[in-house]
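This report concerns only the one structure given below.
Coordinate-derived values only; no laboratory data. In this text, all values refer to a predicted model and were calculated from it rather than measured experimentally.
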Amino acid sequence: MAPYRRRRSRPVRLALAAAVALAAGAVAVPAVHAATPATAATTDRAKRPHDDFNGDGCPDPAVGAPADQVSRVLVLRGSANGLTGSGAKVFSQNTGGVPGVAEKGDAFGAQTALVDAKGDKKAELAVGDPAENANNGAVWIFPGTSGGITARGTFVFGAAKVGAPATGVRFGASLTG
């Protein structure tokens, strides 16, 4: 008889896929908490297929702005003519659809990274907050859609969700591989 294998929920499967991709070095997070480098326009697209949130072929940068009161992540849209503020989105833990509540001392957006966990050529945005839950830390995964990053369907996970020690580990402090 084959051993019983519990099927994991979709958020857990995506969290594990994102964690594996991040650990394997499938993403790189440059300085200043930016998910897409300033030189992305000249980067070979075949080498960075995951820096495009909406699948239009243009890099879309995400920049974290951790703050003392309400930390945020700003997502800009890339176009054939470069970056544009049109369609820019700002997310925080107080954004509808984003799990959790912004608290003083959080560092939501301290790290950002891009990963195509679903393999659909639309990047998901990983946002780290190593100060979440008394420095246990957490990572949020925002889905990429044809309209760009969305809060709908966003989920959060900590170290315990992926089977790692969870107390005081500052999970999400580094999202580079």
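Some notes on this structure:
- Relative intensity of the stretch 49-172 on a log10 scale, I(q)/I(0) at q = 0.13, 0.19 Å⁻¹, equals -0.49, -0.97, per a Debye sum over C-alpha point scatterers of equal strength in the absence of solvent.
- Length released on extending from V101 to N133, taking residue separation times 0.36 nm less the Cα-Cα span: 10.4 nm
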